[in-house]
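Only one structure is covered here, and it is reproduced in the block below.
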Amino acid sequence: MADGIEVIPVREMHQFNEGALFDYLTANVDGFKGPLQVSQFQGGQSNPTYLLHTPDREYVMRKKPPGNLLPSAHAVDREYKVISALQDTDVPVPRAYCLCEDEGIIGTAFYIMEKIEGRVIRAPECPDMAPQLCAATYDAMNDALAKLHNVNVDAVGLADFGKKGSYFERQIGRWTKQYRASQTDNLETMENLIRWLPENLPDSDESSIVHGDYRLENMILHPTQPEVLAILDWELSTIGHPLADLAYNCMTYHFMHPRNGGLVGIDYEATGIPTEEAYVEAYCKRTGRDGIDNWDFYVAFSFFRLTAIVQGVYKRGLDGNSSSKVGQEYAVFANMLATLGWQEVESRL
């Protein structure tokens, strides 16, 4: 079992026909043999994730949640496609075994991937980790992101994975619609961001594979070494602007997460964690950039997008189909994120 990952009995709302799954895996995954034991990973606000244990091997299953879902959300087929495409690159991803889009098997679409043994670090400040190891861990995360963005999209068969160009314009439109579909309150700062962002688009219009939720918590590290073994949770991946990924990765420098904390006010020298400037500079060197203009836009966009995502989590909690019990706590979280995003803009106006 990977450190930092809790496994619980399958929640009642996420139970399914385990016999049907067993039959499907026996027919579609080479070498699969029972008996099969199923448990569920704790946490996860979007696609429920399960540990599938057999005597010979452990697997991981990601499936769509039950209930009415927002359009284009919970795209497990896209997760499977990008992981499969990256198998033979230097981007660390788990091996993908199969995708099932037949909802008649267990009720929703799902895919199966290998179980990677290692560590998951939830807290960005890496508590109880030696400064040198912490610095190397952040550098490994930085390196993995640069490797992802350096992948030739066409060469790995992902030319149709998303549209090239006009990424921010399209994303602002998409997440505004998603936010409206799950909106429960009027957040003035979110409305400000919805108006400001389209009027301040950066000139840069490059494209690469983007993860969409790139952070320390969404990767498995080597059990003892500062090495990224696998990047997880590809639900939001697409063809997009790489600096959106980088800015999202750097959001932890700008706010404190209600549960996992952040890097606001941290002693960088004492912890070994790089400053945001140093982290961005390391990324620029790895991707051949000479600095980044309009960094404030990318950070404000990240707050806007995360507000829309968190609002969706809150609404699913109200509707009773969130994959975690903490969904309803996210109303306050959404308001905080929108406020911080607008403060990012106001500080530079």
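The values are calculated or read from the model by the stated rules, or taken from the named source; none is laboratory data. What you see is a predicted model; the values in this text were computed from it and never measured. Positions of Cβ are backbone-derived with ideal geometry, glycine not excepted, and every protein chain shown enters the neighbour counts.
So which of Ala278, Ala244 is without any contact (Cβ under 8 Å) to a residue 12 or more places away in the chain, assigned to a helix (DSSP H, G or I) and of a type in the set (Gly, Ala, Ser)?
The match here is Ala278.
So that you can scan it fast, the table gives a plain yes or no per residue for (1) without any contact (Cβ under 8 Å) to a residue 40 or more places away in the chain; (2) closer than 14 Å to Trp196 by Cβ:
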| site | (1), (2) |
| --- | --- |
| Ala282 | no, no |
| Arg289 | yes, no |
| Val299 | no, yes |
| Ala308 | no, no |
| Gln311 | no, no |
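Do you know which residues across the stretch 167-189 are surrounded by fewer than 14 Cβ atoms within 10 Å (Cβ to Cβ) and either assigned by TED's automatic domain parsing to the domain that holds Ser84 or outside any helix (DSSP H, G or I) (or both)?
Thr184, Asp185, Asn186
Working carefully through the options Leu229, Leu263, find the one that is assigned to a strand (DSSP E or B) and of a type outside the set (Asp, Glu). Let's see the steps before the verdict.
Numbers: Leu263 fails: assigned to a strand (DSSP E or B).
Among Leu229, Leu263, only Leu229 is assigned to a strand (DSSP E or B) and of a type outside the set (Asp, Glu).
When Arg62 is evaluated against the numbered criteria (1) modelled with pLDDT under 95; (2) part of a loop (DSSP other than H, G, I, E, B); (3) within 19 Å of Leu52 (Cα to Cα), which criterion, by number, is the only one it fails?
If we test Arg62 against (1) modelled with pLDDT under 95; (2) part of a loop (DSSP other than H, G, I, E, B); (3) within 19 Å of Leu52 (Cα to Cα), just (2) comes out false.
Quick grid of which residues meet (1) under 26 Å from Arg305 (Cβ atoms); (2) crowded, with 19+ Cβ neighbours inside 10 Å:
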{"site": "Asp77", "(1), (2)": "yes, no"}
{"site": "Ile121", "(1), (2)": "yes, yes"}
{"site": "Asp128", "(1), (2)": "no, no"}
{"site": "Pro131", "(1), (2)": "no, no"}
{"site": "Ala136", "(1), (2)": "no, no"}
{"site": "Asn142", "(1), (2)": "yes, yes"}
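In this structure, does Asn68 turn out to be at pLDDT below 90 and touching a Lys or Arg at 6+ places or on another chain (Cβ under 8 Å)?
Values: at pLDDT below 90: yes; touching a Lys or Arg at 6+ places or on another chain (Cβ under 8 Å): no.
When the stated conditions are applied, Asn68 does not pass them.
I'm checking my understanding of the structure. Among residues of the stretch 6-26 that are among the charged types (D, E, K, R) and at pLDDT 90 or above, which one is surrounded by the most Cβ atoms within 10 Å (Cβ to Cβ)?
My answer is Glu18.
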